[in-house]
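Here the structure comes first, spelled out in structure tokens, and everything after it is commentary.
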Amino acid sequence: MDLKQIFAKIQNHHAAMLGKEHYRAYGILVPLIQIDGQIHLLFEVRSLQLKRQPGEICFPGGGVEKNDSTPQDTAIRETAEELGIEKDSISCVYPLDFFVQSMDGRIIYPYVGLIDDDMEKIKPNPGEVKEIFTVPIEYLRDMKPEEHRLTFQVQLGEDFPYHLIPGGKNYAWKTREIVEYFYFYKDYVIWGLTANILRHFLSIVYEQEN
């Protein structure tokens, strides 16, 4: 193979995230709804029957399925299914920045959308949603979330080939630190991925510094 052939292949390659095929894509919706002339954000409390994260607060959404053309379609479909509304009642859907969760093998695609129905028309699916609640967006405007740091350290298997790397067992592995954000509203605690998406959304709307 010569240089011309090498560069021809590179030029025909479409850059994407390395290892993307090992990740599952998820579509999430940040639902806005108008109540008494005020704009609210709608949150779900996950059903206690769910195996994964029961009782935690989240935005509607889920994994991309074969019939979903895009993660945006997923976010709309899942929101409609979880809230018991028609897909046509969700409008003004726009993307936020996506998240890569390497430890969980997930790519999260969040969107913002408007729910045109009244709260009375929302009938959450009890198999997935324990309850819903809303928070006025202005309530969140000046709220600074609590920040707590988590540190992750590398744990190697017994058969790890130390002899193949410089320094062997004394190799200086880097620790990873992440920040968890906590928002509070009445008796509800919003944290984890939901808090990260919420913080990102608010930073765009109110042009806050990240």
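Every number here is computed from the coordinates shown, using simple stated rules; none is lab data. Note that the structure is a prediction, hence the values are computed from the model and not measured. Every residue, glycine as well, gets a Cβ built from its backbone with ideal geometry; the counts of neighbours run over all protein chains shown.
Quick notes
- In segment 164-206, the alpha-carbon atoms span a convex hull of 130 Å³ per residue.
- Site pair K87 and K121 shows an inter-label distance of 1.7 nm when each label is modelled 7 Å from Cα along Cα→Cβ.
- Look at the dipole of segment 69-164 built from charges on Cβ: of L83, V129, V154, the Cα furthest out on the positive end belongs to V154.
- Built amide H within the under 5 Å cut-off of V30, gap 5+: Y111, V112, G113
- Between W173 and A16, full extension at 0.36 nm per residue minus the direct alpha carbon distance yields a gain of 53.8 nm.
- Per-peptide average of other Cβ atoms within 10 Å, ordering 65-77, 118-130 highest first: 65-77, 118-130
- In this label model, D187 and F7 are separated by 6.8 nm, measuring between points 7 Å along each Cα→Cβ vector.
- Charge context of L150, other residues only, Cβ under 13 angstrom, K/R +1, D/E -1: -1
- A simple charge model with +1 on the Cβ of Lys and Arg, -1 on the Cβ of Asp and Glu and nothing else charged puts the dipole of the chain at about 940 debye relative to its Cα centre.
- Cβ-to-Cβ counts within 10 Å put I33, I132 in ascending order as I132, I33, the fewest first.
- Candidate values [x] 1.26; [y] 1.08; [z] 0.98 were compared with Cα Rg over 2.2 N^0.38 Å computed on the shown model; the agreeing label is [x].
- For I39, the residues 5 or more places off, or on other chains, whose built amide H falls under 5 Å of its own are I137.
- A crude spin-label estimate for the pair L48 and L164, with each label 7 Å from Cα along the Cβ direction, gives 4.9 nm.
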